[in-house]
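The structure appears right after this line, and notes come after that.
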Amino acid sequence: MTNVLAVDPRKPAREAIQRAADILHAGGLVGFPTETVYGLGANALDPIAVRKIFAAKERPAWDPAIVHVRDIATAHTLMRSNSARFEQLASRFWPGPLTLVVAKAAHVPDEVTAGRPTIALRMPWHPVAAALLNVTGLPVAAPSANRFGHPSPTCAAHVLHDLDDRVDLILDAGPTPLGVESTVLDLTQTPPAILRPGGISREQLDLILGPIQLTAPISDQAARQGIAGPGMTTKHYAPRAPVELFDNDRQLQARAAEFQRLGKRAGLLPHDPNIEHLAQTLFAQLRQLDADGVEVILCVLPPPEGLGLAVRDRLQRAAGQPPV
Ligand code: TXA
Ligand code: MG
């Protein structure tokens, strides 16, 4: 049975947070909101609890999870050694939607990192996530709380839809403010490389690091074999219906008219000039179109600036195309 507890996103009640913290201490799973998407959390230092995350999500064991920490000091305890780059970026962007990949400390279970020598760390700012991390005192491994390959969950109903009965408790604080996941930045490469564009923009990172590379996506096969960074596989975040991408509304409408002539039901995501709004509603729109039973989803890609880079990336993955 999955319990759902409503919490105030700005000032969550202590009792609700305590219940969630108790479940984490007992080796259970908690769905909780972050500023990006909902996470499926477990005690990162408990290998059996972490295995439950992978089982619940049906996530392959080769795809490592992000570990959420309450502060920079906790991050230090999970890292092999400190680096000036890490300090610089964490002090500038934490708490916030930036995940930093660094060499891991020896005691971090292989279950979390998929046997890799590195760990992905992030300190979220969402008041519910922050309160949970503070009250547990534990580092919390938490991938997005969706079935593997589904669009990420931006509200509690999405978590329940994908993971009902597979998660002990969901803290429901309403829709998540950003709607796309954190930026994953690999600090083990020189210069650092973006493994996944997200809530902190490339332009924000450029200001500190200079022009920064986006890592090319890789096949599931290569990720499984540990050839390159995981999680950058092309098919991901995918709704059931096939997705077709367009540069502008004119192209999208022309294609929509073709489908209409064929009597096929098309769902449309036309151009949205407000990129924050598009990011916030993207995954919910993809899920809704699937629920409506459309046969194809037609989307206009936003320009690759700011949050637009992350939105493009998710849409290109949803379409099964390598992001460009
Ligand atoms: O915004 C977010 O990042 C959300 C919230 C819940 O914090 N979490 C999230 O987790 O999106 P997940 O597991 O769905 O995506 C984590 C990404 C994956 O692409 C994974 O492969 C990558 O981070 N990752 C995790 N550990 C890594 C590591 N050691 N090296 C390289 N990539 C890693
Ligand atoms: Mg995910």
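The values are calculated or read from the model by the stated rules, or taken from the named source; none is laboratory data. Keep in mind it's a predicted model, so treat the numbers as computed, not measured. Please note: Cβ atoms are built from the backbone with ideal geometry, for glycine as well, and neighbour counts cover all protein chains shown. All accessible areas refer to the heavy atoms of the entire protein, side chains included, with ligands and DNA or RNA removed. Shrake-Rupley method; radii C 1.70, N 1.55, O 1.52, S 1.80 Å.
Over the C-alpha atoms of region 90-211, the Rg to Rh ratio, Rh being the Kirkwood estimate, stands at 0.97.
Once the C-beta distance of residue 80 and residue 203 is scaled by a Förster radius of 41 Å, the resulting FRET efficiency is 0.85 to the nearest 0.05.
For residue 11, go through the aspartates and glutamates and keep the ones whose alpha-carbon is under 13 Å away, minus same-chain ones fewer than eight residues off. Output for residue 11: 172.
What are the DSSP H helices in the chain that stretch 15 Å or more along their long axis, judged by alpha-carbon atoms, and whose average Kyte-Doolittle hydropathy comes to at least 0.5?
Working: long enough: 14-25 (16 Å, -0.38); 47-57 (16 Å, 0.68); 249-261 (18 Å, -1.46); 275-291 (24 Å, 0.12); 307-318 (17 Å, -0.14).
Helices meeting the span and hydropathy rule in the chain are 47-57.
In the chain, helices alone account for a calculated mean residue ellipticity at 222 nm of -10500 deg cm²/dmol, with every DSSP H run of four or more residues adding -39,500 (n - 2.57).
Can you list, largest first and rounded to whole Å, the semi-axes you get for region 129-180 by taking the square root of 5 times each eigenvalue of its Cα gyration tensor? Please report the intermediate quantities before stating the final value.
On the way: eigenvalues 73, 36, 25 Å².
With the √(5λ) rule applied to region 129-180, the semi-axes are 19, 13, 11 Å.
When Rg and the Kirkwood radius Rh are both evaluated on Cα atoms of region 18-177, their ratio Rg/Rh stands at 0.93. Peptides 64-71, 277-284, 15-22, 260-267 ranked from most to least packed, by the mean per-residue count of other Cβ atoms within 10 Å: 64-71, 277-284, 15-22, 260-267. Calculated FRET efficiency, residue 240 to residue 48, Cβ-Cβ distance, R0 = 41 Å: about 0.80 to the nearest 0.05. For a straight C-alpha distance cut-off of 16 angstrom, the aspartates and glutamates reachable from residue 264 (same-chain residues fewer than eight places away being disregarded) are 244, 290, 292, 295. Taking only alpha carbon atoms, the chain gives an Rg to Rh ratio of 0.96, where Rh is the Kirkwood radius. Inter-label distance, residue 106 to residue 262: 6.0 nm, where each label sits 7 Å from its Cα along the C-beta direction.
Ignoring ligands, DNA and RNA, what percent of the accessible area of region 101-179 is carbon or sulfur (1.4 Å)? Answer for region 101-179: carbon and sulfur cover 56 percent of the accessible area. So what's the gap between the Cα centers of region 254-321 and region 188-213, to the nearest angstrom? If you average the Cα positions of each part, the centres end up 26 Å apart.
For region 17-69, the Stokes-Einstein estimate of translational diffusion at 25 °C and a viscosity of 0.890 mPa s comes to 213 µm²/s, using the Kirkwood hydrodynamic radius over alpha-carbon pairs. Calculated accessible area for region 32-126 comes out at 35 Å² per residue, all protein chains present (probe 1.4 Å; ligands, DNA, RNA ignored).
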